[in-house]
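Right, one structure below, let's go through it.
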Amino acid sequence: MEPHSGERKRETWGSRVGFVMAAAGSAIGLGNIWRFPYLVGKNGGAAFVIIYLAIVILIGLPVMIAEVGLGRFTRRNPVGAFTKAAPNSGWRIVGVLGVITGCGILSYYSVVAGWAIGYTLKAATGAFATLTDPGQTGKLFGQFVGDAWTVLALHAVFMALTVTVVIGGVRRGIERWTLILMPALFLMLLLLVFRSLTLEGAEKGIAFYLQPDFSKVTATTFLAALGQAFFSLSIGMGVMITYGSYLPAREDVVISTAYVCLFDTLAALLAGLAIFPALFAVAEVEPTQGAGLAFVVLPAIFHRIPFGGLFGTVFFVLLTVAALTSAISLLEVCVAYLTDEKGWTRKGACWLVGVVSFLLGIPAALSNGASTFLSNLPVLQMGFLDLMDTIFGNLALTLGALFLCLFVGWRWGPKEALAGAIEGSAYPGLGQPWLFLIRYLCPVAIGTILLQILMNLFGQG
Ligand code: PHE
């Protein structure tokens, strides 16, 4: 047996662009397309956008720099990174939490991505052509997700696709694919924005989306923006530690992560410009978010748009691609752990995690009608998929981000933290301000949303 404790030669990204595309691919996902635009529309338009931007710059970016820096410095998966930076301490548990969270999010993310594949086929074959209102498309969606075999088969197809990419490795799998998929994603997005903005009446949607309304800004607005920023930037579970661990030692972490934040925010803003002008131009339906927006409200308007079938298909391909590049990163976190720490081969690790996440996703897949019990769990009053999202997508990410800040800001040591994250940057002067944010502002802000999440959970129970 060769020694496996992470000492064997580690792959690196082929270029800075490769890292930025892979990390942006992780960040840009379902959250950008079906949640961000709605949050903007409901929370004061441009006023919300300004708050969101400030949060990304002051909290999201510093946390991302810390994660990538920890990864670049230790050259390890999340568990190995904490173990190496603080040997014989309990901090490795934070890494373990990250790996479990990766598997947990992947399990239900893949279910939803499977729906997107199914809807791509529906849109391409004209299944929405005769449906005129959300009542009808809602019924269609209910039938679709209520059919256990179909959703399980699509969940399996998507998981297999993810495994196939990650088996190829960092450079020949993840980097090669994201270098193709991310430009394609932006192209599709721009195409949809163009279609949407050129419809007659588009300005009503722009008004709903962006008209600044500061009267809607309250304390909860900040919390909504903060929660969205974490999920959207993929921080708090070690994706960025893992992707950072494949960076060459000299890479400028500040610049690269700034690009990732920029692309993520840009994609979110564009998604709103693709959705709301079209929605308001053709229909008098209430905008919503999540699955309801993508799978019910939008399919009801495609047929009223010239070449709507084509644009509908593009929309679901876009959703699938966005989900795929995020799923790849979730899988890679678990795979890096198994190969670094447990001596697994990449191929074996990919299949193991893929199968485990598939199995874990089965109850989520059945929780939208196929199983009455799973669709409305007793006491909790929510479906299994929503429960998984609350535990992993919400609670675990926030907890992970909080511990990461406390570790990098207080435990690791300022010299190590600066060497890990800022060394090699073209802007070394940013080191002190960054350290200040990571030590004070970030933990306080993240601690506040954590409290809010816990209070909500208790409030419901
Ligand atoms: N950032 C992804 C999205 O916006 C979700 C994600 C979260 C992916 C955490 C990886 C890790 O949909």
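Of the residues making up segment 224-251, those that are at pLDDT below 95 and either closer than 14 Å to Trp13 by Cβ or among the acidic types (Asp, Glu) (or both) are Pro248, Ala249, Arg250, Glu251.
Among residues belonging to segment 346-383 that are of a type in the set (Ser, Thr, Tyr) and under 26 Å from Leu330 (Cα atoms), point out the one that is modelled with the highest pLDDT. By that ranking, first place goes to Ser357.
If you go through segment 201-245 and keep only what is more than 16 Å from the ligand (Cβ to nearest atom) and either outside any helix (DSSP H, G or I) or within 18 Å of Ile328 (Cβ to Cβ) (or both), you end up with Gly201, Gln211, Pro212, Asp213, Val217, Thr218.
Does Ala336 satisfy the criteria of being in a helix (DSSP H, G or I) and within 14 Å of the ligand (Cβ to nearest atom)? Yes: the conditions hold for Ala336.
Applying the criterion of being within 19 Å of Val63 (Cα to Cα) and part of a loop (DSSP other than H, G, I, E, B) to the residues of segment 250-280, the residue that is farthest from the ligand (Cβ to nearest atom) is Asp252.
Criterion first (within 25 Å of Leu360 (Cα to Cα) and away from the ligand (no atom under 14 Å from the Cβ)) does Val20 satisfy it? Spelling it out, it is not the case that Val20 is within 25 Å of Leu360 (Cα to Cα) and away from the ligand (no atom under 14 Å from the Cβ).
Hey, among the residues in segment 96-113 that are out of contact with any Gly (no Cβ under 9 Å at 6 or more places or on another chain) and more than 12 Å from the ligand (Cβ to nearest atom), which one's farthest from Ala300 (Cα to Cα)? Checked segment 96-113; the qualifying residue farthest from Ala300 (Cα to Cα) is Val96. Any residue at all in segment 348-370 that is more than 16 Å from the ligand (Cβ to nearest atom) and farther than 21 Å from Tyr109 by Cα? Yes: one or more hits. For Ile105, the conditions (1) open to solvent by less than 20 Å² (accessible area, probe 1.4 Å); (2) at pLDDT below 95; (3) part of a helix (DSSP H, G or I) all hold with the exception of (2). The set of residues in segment 281-300 that are surrounded by fewer than 24 Cβ atoms within 10 Å (Cβ to Cβ) and away from the ligand (no atom under 16 Å from the Cβ) comprises Ala281, Val282, Ala283, Glu284, Val285, Glu286, Pro287, Thr288, Gly292, Val296, Val297, Ala300. Put simply, of Arg72, Arg92 the only residue that is more than 14 Å from the ligand (Cβ to nearest atom), without any contact (Cβ under 8 Å) to a residue 60 or more places away in the chain and among the charged types (D, E, K, R) is Arg92. If I filter segment 140-160 for residues that are part of a helix (DSSP H, G or I), open to solvent by 10 Å² or more (accessible area, probe 1.4 Å), away from the ligand (no atom under 16 Å from the Cβ) and under 19 Å from Val333 (Cβ atoms), do I get at least one hit? Yes; the residues of segment 140-160 include at least one that is part of a helix (DSSP H, G or I), open to solvent by 10 Å² or more (accessible area, probe 1.4 Å), away from the ligand (no atom under 16 Å from the Cβ) and under 19 Å from Val333 (Cβ atoms). Picking from residues in segment 405-461 that are outside any helix (DSSP H, G or I) and touching a residue at least 60 places away in the same chain (Cβ under 8 Å), the one that is most open to solvent (accessible area, probe 1.4 Å) is Tyr427.
The values are calculated or read from the model by the stated rules, or taken from the named source; none is laboratory data. Bear in mind the structure is a predicted one, so any value in this text is a computation, not a measurement. Glycine also receives a Cβ, built like all others from the backbone with ideal geometry; neighbour counts cover every protein chain displayed. Surface accessibility is based on the protein's heavy atoms, side chains included, excluding ligands, DNA and RNA. Shrake-Rupley method; radii C 1.70, N 1.55, O 1.52, S 1.80 Å.
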